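Asker: Pasting a structure below so you can have a look.
No lab work stands behind these numbers, since they all come straight from the coordinates. Here the structure is a predicted model, which is why all the values come from computation and not from measurement. Here the Cβ positions follow ideal geometry from the backbone for every residue, glycine too, while neighbour counts run over all protein chains shown.
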Amino acid sequence: MPKREEEFDNQTQELPVADIKAKVEGEKIVQQYSYPVIPSSDDQEDFMISIRATNLRRWREKLAEISENAIPWAEILLALTAIIFGAIVSAIVSGIEVSSTKGIWFYIVLPPIGTASLVSQFFVRHISKSRPAKIAEELTREIPNPENTPKRG
């Protein structure tokens, strides 16, 4: 059976000691502790980039356009299309005649409305998907790329 001390690797690190200063102000003693900051390796290679506030405002406005919770028109049109074509199929299955008032509605009026709803749904979905991609492309062109920015100390 191995000894308990041999089971663990000693992975302790030395931490910097605090620089303690005490200042006496009348009857009060004020103590200050300061530690040296050791930045991570990512922070050591990091650098600052200056950006104008007007650019930030414009970028935030464009991002707000994408994140707005608007009415999902594509889904509403898809639901309407499904309901209309479901009604037409139900009319066919139930044997409603074309010459009746219901037949005129189910076989003559609803098919063009359902088709228009389906086509509209495709266009609305295309527009709602292409708009965020266009805005993201614009922002990618406008926002400075840190890889192409000279590092300044």
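Asker: Which condition number does residue 137 fail, the rest of (1) in contact with a Ser or Thr (Cβ under 7 Å, 6 or more places away or on another chain); (2) of a type outside the set (Phe, Trp, Tyr); (3) without any contact (Cβ under 8 Å) to a residue 24 or more places away in the chain being met?
Answerer: Condition not satisfied by residue 137: (1).
Asker: Let me ask another. Being of a type in the set (Gly, Ala, Ser) and under 46 Å from the mean Cα position of the chain (by Cα) is the filter here; which residues of region 19-34 pass it?
Answerer: 34
Asker: Condition first: under 28 Å from residue 133 (Cβ atoms) and free of Cβ contacts under 8 Å to residues at least 12 places away in the same chain. Can you find one or more residues in region 85-99 that meet it?
Answerer: No, there is no match, as no residue in region 85-99 is under 28 Å from residue 133 (Cβ atoms) and free of Cβ contacts under 8 Å to residues at least 12 places away in the same chain.
Asker: Within region 28-70, can you find the residues that are surrounded by 10 or more Cβ atoms within 10 Å (Cβ to Cβ), of a type in the set (Val, Ile, Thr) and not in a loop (DSSP other than H, G, I, E, B)?
Answerer: If the condition is that a residue be surrounded by 10 or more Cβ atoms within 10 Å (Cβ to Cβ), of a type in the set (Val, Ile, Thr) and not in a loop (DSSP other than H, G, I, E, B), then 66 is the only one that fits.
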